[in-house]
Amino acid sequence: MSEDFKNFAIIDSAKNIVNTITDDNYEKTAVKKISILGSTGSIGTQALEICDDLNITPTVLTANTNIRTLEQQVRRYKPHIAAVYDNNAAAQLKIAIADTQTKVLCGKDGLLAAAEYDDTDMVLNSLVGMVGLEPTLKAANAKKNIALANKEALVAGGELVKEAIKANGVALLPVDSEHSAIFQCLQGANSKKEVKKLILTASGGPFLGKTTQQLKDVTPQQALKHPNWNMGAKITIDSATMMNKGLEIIEAYWLFGVKAEEIDVVVHPQSIIHSLVEYSDNAVIAQLGMPDMKIPIQYAITYPKRLPCSTPQLSLTDIGKLTFFEPDYETFLCMQACKQALVYGQAAQTAANGANEEANAAFRSGKISFLKIGELVYNAMQTQSNNNIASLQDVFECDEAARQYVKERL
Ligand code: MG
């Protein structure tokens, strides 16, 4: 592999996964034990189904508050560690599973200890929000390969994650479907010089084609109805505001180390093409599949192998038609804020994410209108763009300032 390839930034870390494939071991995964941070969420539960299929043992499971599901998972998978972020919920789980061998950890310290737990081959970070940044750094510093579904960690602290991955010689594999698609389209590229553009597809969410006027009074219930993907509440609202695509533009920037202008977005309502790479000869390589997160989750776990997956097969003749549109940056201000944040730098990115986490939650609880989310994210991003980010502490302070900006305007 040429030196040029190193310029693929974090993605190049995948070379740290030693490739020893033989016919004898092909069906077996190199990952035998896995830690799943956020095991009760949409990605976490699908990852556990993959563990069933591939005979992988989860040694660490964590949840925020959902101890009902976590208790069932503990009884079924018998992990060494179960960490619960919410202290009260952790105390309840401790009582509920007192008859098991699983050790319960609680709070932020518990989550961090779970992230650096030694008896595991990979840490799957499927936490939601920038709360996942510190566990990502802990896992890297504990020399664990990471499968990352937690895009907010990269947006809030991309530089720190990049440094930690590099310093520890571990792999960071994308789980986000678009970034997994780009990663797959890059397999076989000889050099970064061959790559002209990364093209992220966006479904457009439930409000595709709507005008600002039409979006004035939409409710959280309407925004929570995603046409293609079945996901958690936070990301579903992020899809409706297109903040999700904005976050993914920044995520792509950190993962692949390309310039801001080398990342494009195309709206593709069917969500069959998961993303594309345009090469220097104008050849475009795309990755297609049904909109099902199991493929990207499993590819991160089995990389560089491909193994059978319990996801539905794609039938292009059943789909019939694939369509494409320009994204609407004027109506979906969140996406514009993220594009601008990429130009401004890390502080603006951290702030855009922090402001969105607050505004997204405020919309879901009926405190602000749908359009207010974009306005708050854009303004908070601009207000905080001059902060200097050199440490985790700086990230926390910038994030907090952006959240405060939003809270004062609710
Ligand atoms: Mg995605």
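Antiparallel versus total DSSP beta bridges in the chain: what percent is that, nearest 5? Each step should come with its number before you reach the end.
Numbers: 11 of 39 bridges.
If I count the DSSP bridges inside the chain, around 30 percent turn out antiparallel.
In whole percent, and with a 1.4 Å probe on the protein chains, what portion of the accessible area of the chain is carbon and sulfur? Carbon and sulfur: 48 percent of the exposed surface of the chain. Per-residue ellipticity at 222 nm from helix content only, as computed over the chain with -39500 (n - 2.57) for each DSSP H run of at least four residues, stands at -13500 deg cm²/dmol.
With the cut-off at 19 Å, tell me which of the pairs LYS151/LYS193; LYS28/LYS162; LYS78/LYS305; LYS144/LYS192; LYS216/LYS367; LYS143/LYS166 have Cα atoms farther apart than that.
On the way: LYS151/LYS193 26 Å; LYS28/LYS162 30 Å; LYS78/LYS305 27 Å; LYS144/LYS192 26 Å; LYS216/LYS367 14 Å; LYS143/LYS166 11 Å.
Where the Cα-Cα span goes over 19 Å, the pairs concerned are LYS151/LYS193; LYS28/LYS162; LYS78/LYS305; LYS144/LYS192.
Stokes-Einstein diffusion coefficient for segment 3-180 at 20 °C in a medium of 1.002 mPa s, Rh from the Kirkwood formula over Cα pairs: what value in µm²/s? D, rounded to a whole number, is 130 µm²/s.
Against the criterion of solvent-accessible heavy-atom surface with a 1.4 angstrom probe, SER369, SER177 sort, most first, into SER369, SER177. Taking 0.36 nm per residue of separation and subtracting the current Cα-Cα distance, fully stretching the chain between GLN101 and GLU159 would add 17.0 nm.
Solvent-accessible surface (1.4 Å probe) assigned to ARG306 amounts to roughly 130 Å². A viscosity of 1.306 mPa s and a temperature of 10 °C, combined with the Kirkwood radius over C-alpha pairs in the Stokes-Einstein formula, give the chain a diffusion coefficient of 74 µm²/s.
Of all beta bridges that DSSP places with both ends in segment 3-180, some 0 percent have antiparallel geometry.
Measuring between their Cα centroids, segment 234-303 and segment 114-162 lie 20 Å from each other. Of the peptides 194-202, 105-113, the ranking by mean beta-carbon count within 10 Å, highest at the top, reads 194-202, 105-113.
Sorted by mean Cβ packing within 10 Å, highest first, what order do the peptides 39-45, 249-255 take? Walk me through the intermediate numbers first.
On the way: 39-45: 23.3, 249-255: 25.9.
The peptides rank, most packed first, as 249-255, 39-45.
The stretch between GLU375 and GLN221 holds 53.4 nm of extra length on full extension. This uses 0.36 nm per residue minus the Cα-Cα distance. With the highest mean first, a sort of the peptides 317-328, 340-351 on other beta-carbon atoms found within 10 angstrom per residue produces 340-351, 317-328.
In straight Cα distance, which aspartates and glutamates are under 16 Å from LYS234, not counting same-chain residues fewer than 8 positions off? Of all the aspartates and glutamates, those that pass the test against LYS234 - Cα under 16 Å, at least 8 places apart if same chain - are GLU152, ASP176, GLU248, GLU357, GLU358. Averaged per residue, segment 302-369 has 49 square angstrom of accessible surface, using a 1.4 angstrom probe with ligands and nucleic acids left out.
Taking the Cα centre as origin and putting +1 on Lys and Arg beta-carbons and -1 on Asp and Glu beta-carbons, what dipole magnitude results for segment 3-180, to the nearest 20 debye? With Lys and Arg at +1 and Asp and Glu at -1, about 520 debye.
In the chain, with Lys and Arg counted as +1 and Asp and Glu as -1 at Cβ, which of these residues, GLN92, THR40, LEU127, has the Cα nearest the positive end of the dipole, that is, farthest along it? Value computed over the given set: GLN92. Dipole magnitude for the chain: about 620 debye, using +1 per Lys or Arg Cβ and -1 per Asp or Glu Cβ, origin at the Cα centre. Of the residues ASN16, ASN66, ASN244, which exhibits the maximal mean-square fluctuation in a Gaussian network model of the chain defined by a 10 Å Cα contact cut-off? Taking springs between Cα atoms under 10 Å, the residue moving most is ASN16. Site pair LEU112 and LEU322 shows an inter-label distance of 4.5 nm when each label is modelled 7 Å from Cα along Cα→Cβ.
The values are calculated or read from the model by the stated rules, or taken from the named source; none is laboratory data. Just so we're clear, the structure is a prediction, and the values are computed from it rather than from any experiment. Note that we place each Cβ from the backbone using ideal geometry, even for glycine, and neighbour counts take in every protein chain shown. Side chains are part of the model used for accessible areas, which takes the heavy atoms of the whole protein and leaves out ligands, DNA and RNA. Shrake-Rupley method; radii C 1.70, N 1.55, O 1.52, S 1.80 Å.
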